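Every number here is computed from the coordinates shown, using simple stated rules; none is lab data. Because the structure is a prediction, the values reported are computed rather than measured. Every residue, glycine as well, gets a Cβ built from its backbone with ideal geometry; the counts of neighbours run over all protein chains shown.
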Amino acid sequence: MLETAYATQTGDPRDSIIVALDCPEHDALDIAEKLKGKATWLKVGMTLFYKTGPEIIKHFHEQGFKIFLDLKLFDIPHQVQGAAASAAATGADLLSIHALGGSEMLEAAAEGIASLEQCTPTQTVAITILTSFDEETLKAVGVAKPMLSEVEDLARLAMTHKANGLVCSPQEVAGLRHLLGTAPRIVCPGVRPTGAGAQDQSRIATPKDALLAGASQLVIGRPITKAEDPVAAFEACLKEVEEVLAEN
Ligand code: C5P
């Protein structure tokens, strides 16, 4: 069985796809309405959250969605502790933080969330290296190590300092599974169905390849939200996921 089923522990293939609503509020609400009952997870990122605030999460929860609040926290530990507590208070199911923030910051995020005493605590995923980066971008910001080794070091750091899971590109997920086993939730953006454009993403793969490499969940944005028919685009991705899960 694939790690996907293990990591999400739901057995529902729809939980393997997180639809990233990086669009104006009106479009996001419209797409969510169309995906109601079809998709189970939505991603609310900075574009939408800075516009709407926590209300949008409440609204999507009422529609039955689970929410990945992708705010990519990265600041001094004190600030991140407070930010993580505020973000968790929205009821978000999943929250992203940057592994590059270091051990103290990662633990501060966990403490901030723990201070809330939620029935189901918000889970964190630590971003390793953004999927828009390539080796050249990495060197330009002063990281001399190869991509995979930097991603592995950040993943190890995050998992030993209270992150609940990781975000990495589909191209590194097999390496992380080898390193960390089947337990951690590993979320992969940079997913492009065959024939879809890469846009600003660099380290991409198809849904099938990302799942076979060990991703727990796939974040898919523009291939769905910018499609002429977002529901049909979502269903095509889901069909690919269902086929992979049925065969493995
Ligand atoms: O539209 P697209 O499918 O490229 O959207 C990918 C989403 O995943 C974006 O919302 C982006 O913020 C997010 N993301 C990413 N790379 C990471 C972490 C999150 O692309 N490392």
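Counting Lys and Arg as +1 and Asp and Glu as -1, what is the net charge of the other residues whose Cβ lies under 11 Å from the Cβ of Ala196?
+3
Nearest 20 debye, what's the magnitude of the dipole of the chain about its Cα centre given +1 on Lys and Arg Cβ and -1 on Asp and Glu Cβ?
The dipole magnitude comes to about 80 debye.
Which number do you get for Rg(Cα) / (2.2 N^0.38 Å) in the stretch 1-105?
Cα Rg divided by the expected 2.2 N^0.38 Å: 1.14.
Quick one: Kirkwood hydrodynamic radius for the chain, alpha-carbon pairs, angstrom, one decimal?
Kirkwood radius, the chain: 18.0 Å.
Tell me, which longest segment in the chain has none of the GluC sites (Glu not before Pro) that fall in DSSP loops with at most 16 further Cβ atoms within 10 Å?
Looking at the chain, 1-116 is the longest stretch - no exposed GluC sites (Glu not before Pro) with at most 16 other Cβ atoms within 10 Å.
Pick out which of Leu176, Leu138, Leu130 has the largest mean-square fluctuation in a Gaussian network model of the chain, springs linking Cα atoms closer than 10 Å.
Checking each option, the largest mean-square fluctuation is seen for Leu138.
With Rg and the Kirkwood Rh both taken from Cα atoms, where does Rg over Rh land for the stretch 113-248?
1.00
Taking the alpha-carbon distance from Lys139 and a cut-off under 12 Å, which aspartates and glutamates remain once sequence neighbours fewer than 8 residues away in the same chain are dropped?
Correct list for Lys139: Glu150.
If you build a Gaussian network model of the chain, linking Cα atoms that sit under 10 Å apart, which residue out of Ala88, Ala196, Ala213 swings the most?
Looking only at Ala88, Ala196, Ala213, the largest GNM fluctuation is found for Ala196.
Restricting to DSSP loop positions (anything but H, G, I, E, B) with no more than 16 other Cβ atoms inside 10 Å of their own Cβ, which trypsin sites (Lys or Arg not before Pro) remain in the stretch 15-62?
Working: sites: Lys34, Lys36, Lys38, Lys43, Lys51, Lys58; in loops: Lys36, Lys38.
Those satisfying the criteria are Lys36, Lys38.
Net charge near Glu243, counting Lys/Arg +1 and Asp/Glu -1 over other residues with Cβ under 13 Å of its Cβ?
-3
What is the distance, in nm, between label points placed 7 Å from the Cα along the Cα-to-Cβ direction at Thr120 and at Glu243?
3.1
For the chain, set up a GNM with springs between Cα atoms under 10 Å and report which of Gly221, Gly195, Gly11 has the largest fluctuation.
Top of the fluctuation ranking is Gly195.
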